[in-house]
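Have a look at the structure below before the remarks.
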Amino acid sequence: MIARGALDEWGVDYSELVPQLQVDTRILQRYEGVYTSTLVAEITVEVEDGRLYRELNDTRFELHPLSDAEFYLQEDDVRYNFRMTNSGEVSGIQIRQGSLLLFVERR
């Protein structure tokens, strides 16, 4: 977060520093749904025009892919890692912001 603040102060567009991957829409659609935990309100994940979005507390942001299962929220420097069961079903999302780690389950 400190580094992002410095880049913001200098007017550096760091959005291009992380390569934009293209994830197949069929993979993205597997992540669509509602996720919950006792610590946060519902998180809704949706696909629109081949892009993945998350909505939390009426705020919607795009999730940018780092891989087929890991995404980041550029606005808050948060990583979303979709977790799978042994049978390949999405079980939830591991969310990391700095040293904070949270798991939200798929409803």
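The values are calculated or read from the model by the stated rules, or taken from the named source; none is laboratory data. In this text, all values refer to a predicted model and were calculated from it rather than measured experimentally. Neighbour counts run over all protein chains shown; Cβ positions are idealised from the backbone, glycine included.
What the table below lists for this structure:
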{"quantity": "Scope region 28-74; condition assigned to a loop (DSSP other than H, G, I, E, B) and of a type in the set (D, E, K, R); matching residues", "calculated": "Glu32, Glu42, Asp49, Asp58, Asp68"}
{"quantity": "Residue within region 64-82 that is more than 21 Å from Leu21 (Cα to Cα), exposed (fewer than 15 other Cβ atoms within 10 Å of the Cβ) and among the polar types (S, T, N, Q) present", "calculated": "no"}
{"quantity": "Condition met for Ile27 (surrounded by 15 or more Cβ atoms within 10 Å (Cβ to Cβ), within 15 Å of the chain's Cα centre (by Cα) and of a type in the set (A, V, I, L, M))", "calculated": "no"}
{"quantity": "Candidates Leu39, Leu7, Leu21, filtered to the one that is of a type outside the set (D, E, K, R), over 18 Å from Tyr80 (Cα atoms) and modelled with pLDDT under 95", "calculated": "Leu7"}
{"quantity": "All positions within region 60-107 that are over 20 Å from Gly50 (Cα atoms) and touching a residue at least 40 places away in the same chain (Cβ under 8 Å)", "calculated": "Asp77, Gly92, Gly98, Leu102, Phe103, Val104, Glu105, Arg106, Arg107"}
